[in-house]
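Down below is the structure, laid out as structure tokens.
Rule-based calculations on the coordinates, nothing more; no lab input. Remember, it's a predicted structure, so these values are computed and weren't measured experimentally. Cβ sites come from the backbone with ideal geometry, for glycine too, and all protein chains shown count toward neighbours.
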Amino acid sequence: MQDRRKISPISWIPTAYFAMGLPFVAISLASVIMFADLGIDEASITFWTSLLILPYTIKPLWSPLLELYYTKKHFALVCAMRYLFRFDSVSVAGS
């Protein structure tokens, strides 16, 4: 029988936070590059990029409330229904 070392669950925390930060970095870098390639001025790039990453910035404030009252599944279903309604209303308005 092999002797396996026990890995503490605390060792996964830095990995999880690193993985949660990847979308933040990807969105901020991609948006700056995209806006610069489109020829948009720096003030507008700053405004729109900060608006895009605003949910990641305020996540420490709203995520505890979300998990306190609802489950993640409920939040995902509500958001999916809202998007479905918005896409449907746009398609009806366009025809």
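Which peptide among 53-60, 78-85 comes first, and what is the full order, when sorted by highest mean count of other Cβ atoms within 10 Å?
Working: 53-60: 11.6, 78-85: 10.1.
With the highest mean Cβ count within 10 Å placed first, the list reads 53-60, 78-85.
How far is helix 59-69 tilted, in degrees, relative to the longest principal axis of the Cα atoms in the chain, given as a value from 0 to 90 rounded to the nearest 10?
Once rounded, the angle reads 70 degrees.
How large is the convex hull of the Cα atoms of the chain per residue, expressed in Å³ as a whole number? Could you put the intermediate results ahead of the total?
On the way: hull volume 21.5 nm³, N = 95.
Spelled out: Cα convex hull of the chain, divided by residues, is 226 Å³.
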